[in-house]
Amino acid sequence: MSLALPLLAVEQLDAGYASSQVLFGMSLNVGAGECVGLLGRNGMGKTTTIKCIMGLLASGGGQVRWKGKAVTGLPPHAVARLGIGLVPEGRQIFPNLSVRENLVATAASRSRSSPWTIDRVHRLFPRLAERSRNLGNQLSGGEQQMLAIGRALMTNPELLILDEATEGLSPLVRQDIWAALGHIKSEGMALLVVDKNLGPLLRLADALCIVEKGTPAWTGSSEQLRRDGEVPARYLSA
Ligand SMILES: Nc1ncnc2c1ncn2[C@@H]1O[C@H](COP(=O)(O)OP(=O)(O)OP(=O)(O)O)[C@@H](O)[C@H]1O
Ligand SMILES: [Mg+2]
């Protein structure tokens with residue numbers, strides 16, 4: 001285990017919605033340049049954890065730390081400015097803006113040696129270059145997902161969070177997305193990835209956190225999860 005300060009630390013978060021508590025001491029760490037997979041059955045609290053990190057949902061206890069500093073309770077725009085990018089569940093691109101406009105709408109130049117630009121996003125996803133003038137609502141599901149990832153990259157985050165980025169896509173498009181995430185990781189960006197496709201997630205992730213009823217039930221490396229064949233059956237099967 002690394003002794004270095006994690007980039008993101010979620011510590012003992014409690015959170016929920018009006019009528020029900022969902023997170024009970026949820027915790028996880030993401031190190032600089034590290035890819036962490038967040039797994040768990042439906043409704044266990046993965047998206048809720050992400051909402052708390054992004055300042056979209058208030059927590060009732062615990063802390064979110066960025067480079068050691070408590071950032072719990074910051075509004076979403078301030079969290080984004082720290083250097084955390086989100087590819088939300090359901091993509092949520094702007095339907096009435098063109099692909100190009102979607103990419104520049106929330107772009108931010110952070111001091112990076114090689115910032116993400118429209119050209120770099122087009123090289124990552126050539127389909128977006130071909131569709132540059134199309135409106136968001138004229139894109140296929142896969143193209144929308146590529147656009148959602150490209151848009152988040154254009155904010156030049158240090159950590160990119162993806163919530164079910166391959167859901168509902170064809171196997172070929174999914175492969176493109178996993179390949180793009182591998183490329184993004186190889187350039188040193190930290191990733192927190194929620195996805196139900198265990199095989200590709202294990203190949204991409206360095207570490208995994210399995211959430212059960214709003215609590216981290218298992219954490220370990222991809223290697224450990226591969227060796228312990230009982231883990232998927234115990235925590236992930238329907
Ligand atoms: N806006 C909301 N209001 C009330 N309850 C909610 C709301 N959003 C989620 N919940 C409930 O909170 C619990 C956790 O939901 P969450 O979306 O965090 O799960 P998840 O792990 O992301 O699941 P999935 O794999 O289906 O995306 C579920 O019981 C869900 O029904
Ligand atoms: Mg979810």
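Bear in mind these aren't lab numbers, they're just calculated from the coordinates by the rules spelled out. Remember, predicted model here, so these are calculated numbers, not experimental data. Cβ coordinates were reconstructed from backbone atoms using ideal geometry, including for glycine residues, and neighbour counts include every protein chain displayed.
Using 0.36 nm per residue of separation minus the Cα-Cα distance, give me the extension gain between LYS196 and ARG120 in nm, one decimal.
Extra length available between LYS196 and ARG120 comes to 24.6 nm.
Normalised by the residues of region 84-157, what does the relative contact order come to in percent, with Cα pairs under 8 Å and at least six apart?
Across region 84-157, relative contact order equals 54 percent.
Please sort 217-229, 21-33 by packing, taking for each peptide the average over its residues of neighbouring beta carbons within 10 angstrom, highest first.
21-33, 217-229
Where the centroid of each part is defined by its Cα atoms, how far is region 124-142 from region 157-188 in Å?
16
Which whole-number value in Å³ per residue fits the convex hull of the alpha carbons of the chain?
Taking the convex hull of the Cα positions in the chain, it is 127 Å³ per residue.
Provide, for q = 0.18, 0.21, 0.23, 0.24 Å⁻¹, the log10 of I(q)/I(0) from a solvent-free Debye sum over equal Cα point scatterers in region 84-157.
One equal scatterer on each Cα of region 84-157 leads to -0.60, -0.82, -0.98, -1.06.
When only C-alpha pairs under 8 Å and at least 6 residues apart count, what is the relative contact order of the chain, in percent? Write down the numbers at each step before the final one.
Values: 460 pairs, mean separation 66.2, N = 238.
RCO, the chain: 28 percent.
Let me know the charge dipole size of region 84-157 about its Cα centre in debye, to the nearest 20, where only the beta-carbon of Lys, Arg (+1) and Asp, Glu (-1) is charged.
Approximately 180 debye in magnitude.
Mind checking the full-extension length gain between ASN96 and ALA238? Use 0.36 nm per residue of separation minus the Cα-Cα distance, one decimal, nm.
47.3 nm
For the chain, modelled as a GNM with alpha-carbon contacts under 10 angstrom, which of LEU97, LEU160, LEU192 fluctuates the most?
In this elastic network of the chain, the residue with the biggest mean-square fluctuation among LEU97, LEU160, LEU192 is LEU97.
Going by alpha carbons, how many degrees (0 to 90, nearest 10) lie between the helix axis of 171-186 and the longest principal axis of the chain?
Once rounded, the angle reads 80 degrees.
Using a 10 Å cut-off on Cβ atoms, rank the peptides 98-104, 115-121 from the highest mean neighbour count down.
Descending packing order for the listed peptides: 98-104, 115-121.
Could you check how many percent of all C-alpha pairs in region 40-108 are farther apart than 17 Å?
For region 40-108, the share of Cα pairs beyond 17 Å comes to 52 percent.
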